[in-house]
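*Asks:* Questions regarding the structure given below will be posed in turn.
Here, each number is a calculation from the coordinates, and none is a lab measurement. From a predicted model like this one, the values you see are computed outputs, not experimental measurements. Because the Cβ atoms are built from the backbone with ideal geometry, glycine has one as well, and the counts that use them run over all protein chains shown.
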Amino acid sequence: MSSIVTAVVSLGGLGLVFGAGLAVASRAFAVEVDPKVEKVRAALPGANCGACGFPGCDGFATAVASGKAPVNGCPVGGEASATKIAEVMGVAAGSADKKVARVICQGTKCNASEKFEYTGIQDCKAASLVLGGSKSCSYGCLGLGTCVNACKFDAIEIIDGIASINPEKCTSCGKCIEVCPKSVIDMVPYDQKVFVECNSNEFGKDVKVKCTIGCIGCQICVKACPFGAMEFENNLAKINYEKCTNCMICAEKCPTKAIWADFESRKKAEIDEDKCIGCTICKKQCPVDAIEGEVKQKHKVQEDKCIGCGACAQKCPKNAITLK
Amino acid sequence: MEFITILVSAILVNNFVLSRFLGICPFLGVSKRVETAFGMGAAVTFVMTISSIITYFVQKLILERYDLEYLQTIAFILVIAALVQFVEMFVKKASPTLYQALGVYLPLITTNCAVLGLAILNIQMELSLMKTIIHAVGAAVGFTLAIVLFAGIRERLALADVPESLQGFPIALITAGLMSIAFLGFTGLV
């Protein structure tokens, strides 16, 4: 019994002595920290996800305070924290183009066929080790939820056998992209409305056998795109998001519906007749001939033809065209 | 004469890094530049020397007197941890650049096995206080010597034409192995 007491007392005593020594030393060697760092740190979400490229939120805060990182460098905090940090630093925030992660596969249970029944560990990485997963298509989403577990923001759920990412919750931290064994998650602009939702690099015939909604490489979309935004490589259509105007023609023309578009949010051009001078510039720009009217006449948009690409609005010298 | 023997033995023959393979972590981690390597060596030297003295007294006055030898590891770790904290505060105040350069490796001296290894070896070798200090200084100088030499080689390696598959850490590890073999040549010196 007494040995326990001596052990506790002596070790505890040692600890006390060292602790007191350190307390004195910390007073003597106190270093003043830049108060900006603490304020910036307070404006950050504190997830320590590392998406900014710095080791944790503390690292980012130090970098911002010393001017080495942009105030809007935190993709998780987004605009809200960028404005707060900008206030602390006394600069304008400037909004970075928001991006979100998106699963580029529509191979749900009814669309994509299975080559065998998988009953192993319910994890995409484990499943992909067995003949590349149970889906016949070796490029598709396996839907076992490895990304769901990796997402710290609860933005991913499995719907009908494939992962689906909620763009409102997604913070573009990139954790899901890292863990996905199929690389079927892509980073896309937040306000993009059209996506090629197929990841398969196989030839059209093979794709058709395995999935009813895959890209078969017919290149109809490439020809249909009025803006040259559709690229084609490795048997797969790919949208150049910088050129795309979300006109959704490609999605209309796609024979397999592999191109998904948010048709509900499609806009229509509208010409303000008071401002229009009848210059016909818009008429020449329109890729679908939806604008009528001769020179010096007020132009009119045929609503059923308009695809809402905005090409006319961009070129109108009088800013008479709005997209609604 | 005995002091010189202990000193030479600790620096060259039984070099902590290259013969005893203790403290490999900072040896590989902080050896990219000679300057920071030297700073690391200086910090380790300080911690090693002071911790050896304190652990000597802790062992003789507390542990042995009350038959608490079984608490040696935890008591020594306590001493080392407190000392490293102190060194960290001091370095942060005295040289912010060195503090930045050492980064995470400074608090990691706490878990540097060379420091704890030295403290335990001192007790095992049954050295007197004077010899303990000499041994500690020798070990620390040996550590500094090894890490500074290694950093010097790595600085030149950075400019050398290294085969692609060996660039970076692989060639560093090979270099460390060759250095260790070279230090083997000191065997039999004392």
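*Asks:* How large is ³J(HN,Hα), in whole Hz, for each residue of segment B:104-116 in order, when computed from phi with the Karplus curve 6.51 cos²θ - 1.76 cosθ + 1.60 and θ = phi - 60°, using x for Gly and Pro?
*Replies:* Computed from phi, the couplings for segment B:104-116 are 6, 6, 5, x, 6, 4, 3, 9, 5, 5, 4, 5, 5 Hz.
*Asks:* Over 21 Å between C-alpha atoms is what I'm after, so list which of A:208/A:238; A:84/A:324; A:109/A:210; A:152/A:210 land there.
*Replies:* A:84/A:324; A:152/A:210
*Asks:* If I take all pairs of Cα atoms in chain B, what percentage of them are more than 29 Å from each other?
*Replies:* Numbers: 4521 of 17955 pairs.
Roughly 25 percent, once rounded to a whole number.
*Asks:* Given A:223/A:283; A:223/A:318; A:169/A:267, which pairs have Cα atoms separated by over 27 Å? Intermediate values should be presented prior to the final figure.
*Replies:* On the way: A:223/A:283 21 Å; A:223/A:318 31 Å; A:169/A:267 25 Å.
Check vs 27 Å cut-off fails for A:223/A:318.
*Asks:* If you average the sequence gap of Cα pairs under 8 Å that are 6 or more apart and divide by the length of chain A, what percent do you get for the contact order?
*Replies:* After rounding, I find 11 percent.
*Asks:* Once the piece of chain linking residue B:120 and residue B:35 is laid out straight, how much longer is it, given 0.36 nm per residue of separation minus the C-alpha distance between them?
*Replies:* Net length gain for the segment: 27.6 nm.
*Asks:* What is the list of residues in segment A:12-46 whose amide nitrogen lies under 17 Å from a point 7 angstrom out from the Cα of residue B:94, following Cα to Cβ?
*Replies:* A:22, A:25-31
*Asks:* I would also like to ask the following. For chain B, find the longest principal axis of its Cα atoms and tell me its angle to the long axis of helix B:129-157, 0 to 90°, nearest 10.
*Replies:* On a 0 to 90 degree scale, this one is about 10.
*Asks:* Give the calculated FRET efficiency between residue A:234 and residue A:48 to the nearest 0.05, with a Förster radius of 56 Å applied to their Cβ-Cβ distance. Before the final figure, lay out each step's value.
*Replies:* On the way: r = 36 Å, r/R0 = 0.65.
Efficiency computed from Cβ-Cβ geometry: 0.95.
*Asks:* Separate question: Rounded to the nearest 10 degrees, what's the angle between the helix A:2-28 long axis and the longest principal axis of chain A, both from Cα atoms, 0 to 90?
*Replies:* 60 degrees
*Asks:* Next question. According to the square roots a ≥ b ≥ c of the eigenvalues of the Cα gyration tensor, what is the shape class of the protein assembly as shown, taking rounded for a/c under 1.5, prolate for a/b larger than b/c otherwise, and oblate for the remainder?
*Replies:* prolate
*Asks:* Roughly what angle does helix A:56-65 make with the longest principal axis of chain A, taking Cα atoms, 0 to 90 degrees, to the nearest 10?
*Replies:* 80 degrees
*Asks:* Within segment A:219-324, report the GluC sites (Glu not before Pro) that DSSP leaves as loop and that have at most 14 other Cβ atoms within 10 Å.
*Replies:* Loop-located and lightly packed - A:242, A:273, A:294, A:303.
*Asks:* Can you bin segment A:193-265 into rounded, prolate or oblate? Criterion: square roots of the alpha carbon gyration tensor eigenvalues sorted a ≥ b ≥ c, rounded for a/c under 1.5, prolate for a/b above b/c, oblate for the rest.
*Replies:* The shape class here is prolate.
*Asks:* Find me the longest stretch of chain B that has none of the exposed GluC sites (Glu not before Pro), where exposed means in a DSSP loop (not H, G, I, E or B) with at most 16 other Cβ atoms within 10 Å.
*Replies:* B:127-190
*Asks:* Once you place label points 7 Å from the Cα toward the Cβ at residue A:26 and residue A:289, how far apart are they in nm?
*Replies:* For residue A:26 paired with residue A:289, the spin-label model returns 7.9 nm.
*Asks:* Please label the shape of segment A:97-191 as rounded, prolate or oblate, based on the square roots a ≥ b ≥ c of the eigenvalues of the alpha-carbon gyration tensor (a/c under 1.5 means rounded; beyond that, a/b larger than b/c means prolate, else oblate).
*Replies:* Numbers: a/c = 2.16, a/b = 1.77, b/c = 1.22.
It is prolate, given that a/c is not under 1.5 and a/b is the larger ratio.
*Asks:* Do you know the relative contact order of segment B:3-125, to the nearest whole percent, from alpha carbon pairs under 8 angstrom that are 6+ apart?
*Replies:* That works out to 34 percent.
*Asks:* Follow-up. Need the C-alpha centroid separation for segment A:228-270 versus segment B:41-80, integer Å.
*Replies:* After rounding, the separation between the Cα centres reads 71 Å.
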